[in-house]
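The values are calculated or read from the model by the stated rules, or taken from the named source; none is laboratory data. Everything quoted here is computed from the prediction, not taken from an experiment. Please note: Cβ atoms are built from the backbone with ideal geometry, for glycine as well, and neighbour counts cover all protein chains shown. Surface accessibility is based on the protein's heavy atoms, side chains included, excluding ligands, DNA and RNA. Shrake-Rupley method; radii C 1.70, N 1.55, O 1.52, S 1.80 Å.
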Amino acid sequence: MTDTAPRERQLITLDVNGERHELLIEPRRTLVDALRHDLLLTGTHVGCEHGICGACTVLVDGAPARACLMFAAQAEGARIRTVESLAEDGELSDLQRAFTEHHGLQCGFCTPGFLMLAEGFLAERPAATKEEIREVVASNLCRCTGYQTIVEAIDDCAARRRKET
Amino acid sequence: MKPAPFVYHRARDAVGATRLLAELGDESKVIAGGQSLVAMMNFRLARPRHLVDVGGLRELDYLRTGPDGALRVGALTTHHTVETASDERLGSGFAVLRAAMEWVGHLPIRTRGTVGGSIAHADATAEWCLLAVALDAEMVALGPGGERRIPAADFFQGYYTSALDPDELLVEVVFPRPARYAALTEFAERRGDFATVSTVVALDLRDGAVHGGRVALGGVAPLPVRSPEAEAVLARGGPAGPELFTACAGAAAAAAGPPDGVSGDGDYRAALIRELVRRACEEAVSR
Ligand SMILES: Cc1cc2nc3c(=O)[nH]c(=O)nc-3n(C[C@H](O)[C@H](O)[C@H](O)COP(=O)(O)OP(=O)(O)OC[C@H]3O[C@@H](n4cnc5c(N)ncnc54)[C@H](O)[C@@H]3O)c2cc1C
Ligand code: FES
Ligand code: FES
């Protein structure tokens, strides 16, 4: 196939985890590939590349989104947060600790996606019921845990956050 | 997989977008939320040479109710914005739209996917397409020659095919009348998947009696369709209750036709239609 568009590169600026990065990339670079290959933030995983598995879930202006279904150029001007932003000074966040305590992961492939999904969801709905958490957890796939422990981890984290405030 | 190369253009405003589309010609495509298009490009089912990104056009992100009772939805309004809209923003007659959003994929899809993108994509089982047909929406398209309005009955033309010209931008979807007693329900193999069969029922309900209504079905034809047979039952009217609703559901299922394949597909679909239409009638009343 020779009949393709010219492979020009384009200069874009991405705001990731509070830092600004300039990247010279092809427009067809998806956000997840830009994060992993250009910024070497490999915490965000990539599975299906068509929106089904959720391994690539990041926050775009606070809202959970599939980084495989966005071109990096579309993310210009938005604040992106990845799993690398959760821990502070090497100290796991309360959400990450809840996943550990409740065995919300086994192989861990899906975990960054679930963490960012839960982080974005709880920010919008701190009073979420367990039923609502189950519903949101259905957004992503996990081949190991059976989901129950993930629901419990998120529910427990939400309950503790409510108690603190 | 990775998408084929393309040139990226960011539209500054709606008119600019249509000008770009006209200039770039057939091999250009609009990208809004990207929740259908990027997946198709990743699989190389779509390989546009130019993408015109309208995602930044905040002036097309709105929900407006007017004195005429209509609800105007900007094309770039996301599913999630509708899902979280307050009663004041949505108007009491359009709660059906908010309730329907839980059926559209999952949260991370709904935060990016747009109303206009869904309707322009014209998937026969997409909730927005079904709502547009059921509630008589009008699509406002902006092209190089100006604006035109396309009624839902003319807008959807077949599998993933709409009346939009390649250089037209869908800018607004108008729901002309409140639908106080309306509900969408569906069956999908897994929660969040596109529906196998979906339905919207909107009842004209006064003092506990039905005086007509609309029934639309998704997943039974290459485009969302109304069911005149089921609507005829509602038009005959009667007390809002199991008898009328069962008759309405039965008419919808019978009219959906003979089996379309060699397997039991047709019978299965008919059973789904019967159950879903009945449930939608009941949900519509309980609003
Ligand atoms: C895992 C997953 C599950 C999903 N489940 C569902 C579901 O259950 N129900 C459902 O309805 N949808 C579902 N979707 C699709 C989702 O709703 C999309 O948001 C929607 O189909 C397209 O909207 P978009 O803004 O993302 O459009 P895009 O993907 O950006 O564009 C889609 C098409 O519309 C065109 N287009 C977009 N905006 C305009 C415009 N303003 N004017 C003219 N043309 C335009 C584009 O050129 C393209 O051809 C799902 C998606 C995924 C990834
Ligand atoms: S890699 Fe993005 S959803 Fe699977
Ligand atoms: S822990 Fe292995 S996929 Fe979820």
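For chain B, what is the Kirkwood hydrodynamic radius in Å, using each pair of distinct C-alpha atoms? After inverting the mean inverse Cα-Cα distance, the result is 19.5 Å.
Size of the dipole of chain A about the Cα centre, Lys and Arg at +1 and Asp and Glu at -1 on the beta carbon, nothing else charged, in debye to 20?
So the magnitude is around 260 debye.
Report the FRET efficiency, 1/(1 + (r/R0)^6), for residue A:144 and residue B:154, where r is their Cβ-Cβ distance and R0 is 60 Å, rounded to 0.05. That pair, residue A:144 with residue B:154, gives E of 0.75. For the residues B:148, B:226, B:190, a GNM of chain B with alpha-carbon springs under 10 Å puts the largest fluctuation on B:190.
Taken one residue at a time, the phi angles of segment B:2-7 give Karplus couplings (6.51, -1.76, 1.60, θ = phi - 60°) of 10, x, 6, x, 8, 9 Hz. Gly and Pro are set to x. Which percentage, to the nearest 5, of the DSSP beta bridges contained in segment B:1-78 is antiparallel? The answer is about 25 percent antiparallel. When peptides B:277-283, A:107-113 are ranked by their average number of other Cβ atoms within 10 Å per residue, the highest-first order is B:277-283, A:107-113.
Distances between placed amide hydrogens fall under 5 Å for residue A:71 paired with A:31, all partners being 5 or more residues away or on another chain.
Considering every alpha-carbon pair of segment A:94-164, the percent of pairs per 5 Å bin, from zero through the bin containing the longest distance, is 3, 20, 34, 27, 12, 3, 0. In the context of the full set of protein chains, residues of the protein assembly as shown present 44 Å² of accessible surface per residue (probe radius 1.4 Å, heavy atoms only).
Of the residues in segment A:119-150, those shielded by at least 20 Å² of accessible area once partner protein chains are present, compared with the chain alone at a 1.4 Å probe, are A:124, A:135, A:138, A:139. Listed by chain and number, the lysines placed with their C-alpha closer than 29 angstrom to that of residue B:29 are B:2; residues fewer than eight positions away on the same chain are left out. Using the Cβ of residue B:160 as centre and a radius below 15 Å, the other residues enclosed give a net charge of 0, where K and R count +1 and D and E count -1.
Residue by residue, segment B:243-255 carries 3J(HN,Hα) couplings of 5, 5, 5, 5, 5, 4, 5, x, 5, 4, 5, 5, 6 Hz when phi is fed to the Karplus relation 6.51 cos²θ - 1.76 cosθ + 1.60 (θ = phi - 60°); x denotes Gly or Pro. Averaged over the residues of peptide A:66-77, the number of Cβ atoms from other protein chains lying within 10 Å of each residue's Cβ is 6. Karplus-derived 3J(HN,Hα) values for segment A:137-143, using 6.51 cos²θ - 1.76 cosθ + 1.60 with θ = phi - 60°, are 4, 5, 5, 10, 9, 9, 8 Hz; glycine and proline are entered as x.
Using a 1.4 Å probe over the heavy atoms of the protein chains, calculate the carbon and sulfur portion of the accessible area of chain A as a whole percent. Before the final figure, lay out the partial values.
Working: 3920 of 7960 Å².
Its accessible area is 49 percent carbon and sulfur atoms.
Counting, for every residue in A:23-31, the Cβ atoms of other protein chains within 10 Å of its Cβ and taking the mean gives 4.
Full extension from residue B:87 to residue B:268: what is 0.36 nm times the residue separation minus their Cα-Cα distance, to one decimal in nm?
61.4 nm
The charge dipole of segment A:10-85, taken about its Cα centre with unit charges on the Cβ of Lys, Arg, Asp and Glu (plus for the first two, minus for the last two), comes to roughly 160 debye.
Using DSSP, restrict attention to beta bridges with both residues in chain A and report what percent are antiparallel, rounded to the nearest 5. Counting only bridges with both partners in chain A, antiparallel ones make up about 90 percent. Show me, bin by bin at 10 Å from 0, the whole-percent P(r) of chain A based on Cα pairs. The calculated distribution, bin by bin, is 11, 38, 32, 14, 4, 1, 0. Computing FRET efficiency as 1/(1 + (r/R0)^6) for residue A:21 and residue A:130, where r is the C-beta to C-beta distance and R0 is 30 Å, gives about 0.20.
Close amide H contacts of residue B:124 (hydrogens built in the peptide plane, cut-off under 5 Å, sequence separation of 5 or more or a different chain): B:160. Name the residue farthest towards the positive end of the dipole of segment B:62-175 from the options B:144, B:114, B:126, assuming +1 on Cβ of Lys and Arg, -1 on Cβ of Asp and Glu, about the Cα centre. Of the listed residues, the answer is B:114. Shown is the FRET efficiency for residue B:275 and residue A:107, computed with R0 = 45 Å from the Cβ-Cβ distance and rounded to the nearest 0.05: 0.70.
Please build a GNM for chain B, connecting alpha carbons under 10 Å apart, and tell me which residue among B:223, B:24, B:203 fluctuates the most. Highest fluctuation among the options: B:24. Volume per residue of the convex hull around the Cα atoms, evaluated for the protein assembly as shown, comes out as 165 Å³. Helix-only arithmetic for chain A: the sum of -39500 (n - 2.57) across DSSP H runs with n ≥ 4, divided by the residue total, places the mean residue ellipticity at 222 nm at -9000 deg cm²/dmol. Fully extending the segment from residue B:209 to residue B:254 would add 13.8 nm, taking 0.36 nm per residue of separation and subtracting the current Cα-Cα distance. Here the peptides B:238-244, A:28-34 are ranked by packing, the mean other Cβ count within 10 Å, and the order with the highest first is A:28-34, B:238-244.
For peptide B:3-16, the mean count of partner chain Cβ atoms within 10 Å of a residue's Cβ comes to 4.
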